[in-house]
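Shown next, in structure tokens, is the structure this report addresses.
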Amino acid sequence: MSDFETITYTVENRVATIALNRPKAMNAISQQMRLELKKAIDTAEQSDDVRIVVLRAEGRGFSSGTDLSEGLAGFDTIDDQIQQEYKPVMMSIANSSKPYIASVHGACAGIGAALAMSCDLAIMSEGAFVYLAFAGLSLVPDGGIAHHLVRNMGYRKAYQAFIEAARIPAADCLQYGLANKVVADDALQAETQAWAERLAEGAPLAQKYGKQIMRGVHTASFEETLDLESKLQVNCSNSQDSAIAIGAFFEKKKPVFTGK
């Protein structure tokens with residue numbers, strides 16, 4: 001879309017790609033980028049032509065984190081800035097009905113790492129790394145990154161990584177579950193698009209409700225999860241897509257899902 005200056009937004013084969021596009025600033029996340037990210041996410045959410053969203057970046061790395069040159073960008077406190085500009089972006093991804101894939105190369109630092117971790121899936125190039133710069137700047141983790149680190153690494157490893165301002169290479173991110181796949185540096189974009197297009201052939205309703213269930217597992221009891229599964233299974237089992245898929249199963253054909 002031509003009205004974006006700090007990101008690009010494209011759609012191909014039902015895959016929307018949002019690319020951070022401030023390569024000269026190492027994709028430092030400025031106020032304008034935050035606002036444009038929210039607009040692009042809303043655009044993807046409202047589009048019937050989009051089933052999967054990829055979040056990637058141009059230039060030498062994914063992101064160097066917040067654009068520190070802007071200070072608080074007009075806010076009185078950093079809490080105000082996070083609540084009004086960062087949180088809406090992170091929560092829009094978390095609450096989206098569509099799967100998000102983070103495609104990460106080079107440095108993925110600070111709240112840029114939090115942005116990548118907010119996605120549902122992640123693919124990294126071999127040379128990519130997550131840099132937890134916070135403690136080195138006398139700051140605590142923000143953007144929800146502590147949630148993702150502790151959930152995936154456990155408290156002791158996560159706290160060690162934070163307090164040491166660690167660089168976590170792609171291979172370790174894969175081991176910890178912070179990434180789903182690691183691919184060759186020169187194959188990242190092609191592998192990401194191919195994966196996203198395969199997922200775009202899946203059942204949109206199952207993807208939507210499965211995301212809702214699994215996003216809530218860590219804050220729900222077993223009984224609450226079971227009940228939510230049961231409730232949302234009604235929506236899926238009564239759908240046209242489910243009927244089509246069951247019919248295709250018996251006919252040994254590949255189902256074509258419409259999201260209805």
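The values are calculated or read from the model by the stated rules, or taken from the named source; none is laboratory data. If you're wondering where the values come from, they're calculated on a predicted model, not measured in any experiment. Here the Cβ positions follow ideal geometry from the backbone for every residue, glycine too, while neighbour counts run over all protein chains shown.
Here are some notes:
- Any hit, segment 78-94, residues being at pLDDT 95 or above and assigned to a loop (DSSP other than H, G, I, E, B): no
- Complete set of residues in segment 77-90 that are surrounded by 13 or more Cβ atoms within 10 Å (Cβ to Cβ) and of a type outside the set (D, E, K, R): Ile78, Gln81, Ile82, Tyr86, Pro88, Val89, Met90
- All positions within segment 99-114 that are touching a helix residue (DSSP H, G or I) at 6+ places or on another chain (Cβ under 7 Å) and of a type outside the set (S, T, N, Q): Pro99, Tyr100, Ile101, Ala102, Val104, His105, Cys108, Ile111, Ala113, Ala114
- Residue in segment 134-148 that is assigned to a strand (DSSP E or B) and in the same structural domain as Thr192 (by TED's automatic domain parsing) present: no
- Index of the failed condition, Phe222 passing every other in (1) surrounded by fewer than 10 Cβ atoms within 10 Å (Cβ to Cβ); (2) closer than 22 Å to Arg14 by Cα; (3) not polar (S, T, N, Q): (2)
- Qualifying residue in segment 194-216 (condition: more than 22 Å from the chain's Cα centre (by Cα), outside the structural domain of Thr17 (by TED's automatic domain parsing), in a helix (DSSP H, G or I) and of a type in the set (Val, Ile, Thr)): no
- With respect to the stated conditions, Arg60 fails to be surrounded by 21 or more Cβ atoms within 10 Å (Cβ to Cβ), of a type in the set (Lys, Arg) and at pLDDT 95 or above.
- Residue check, Ala102 touching a strand residue (DSSP E or B) at 6+ places or on another chain (Cβ under 6 Å), outside any loop (DSSP other than H, G, I, E, B) and modelled with pLDDT of 95 or more: yes
- Residue within segment 187-196 that is in contact with a helix residue (DSSP H, G or I) (Cβ under 8 Å, 6 or more places away or on another chain) and surrounded by 15 or more Cβ atoms within 10 Å (Cβ to Cβ) present: no
- Output for segment 152-186, where each listed residue is surrounded by 14 or more Cβ atoms within 10 Å (Cβ to Cβ), over 14 Å from Val104 (Cβ atoms) and of a type in the set (Lys, Arg): Lys157
- Some residue of segment 1-23 being aliphatic (A, V, I, L, M), part of a loop (DSSP other than H, G, I, E, B) and either in the same structural domain as Trp195 (by TED's automatic domain parsing) or under 18 Å from the mean Cα position of the chain (by Cα) (or both): no
- Some residue of segment 46-63 being in a helix (DSSP H, G or I) and either touching a residue at least 24 places away in the same chain (Cβ under 8 Å) or outside the structural domain of Ile213 (by TED's automatic domain parsing) (or both): yes
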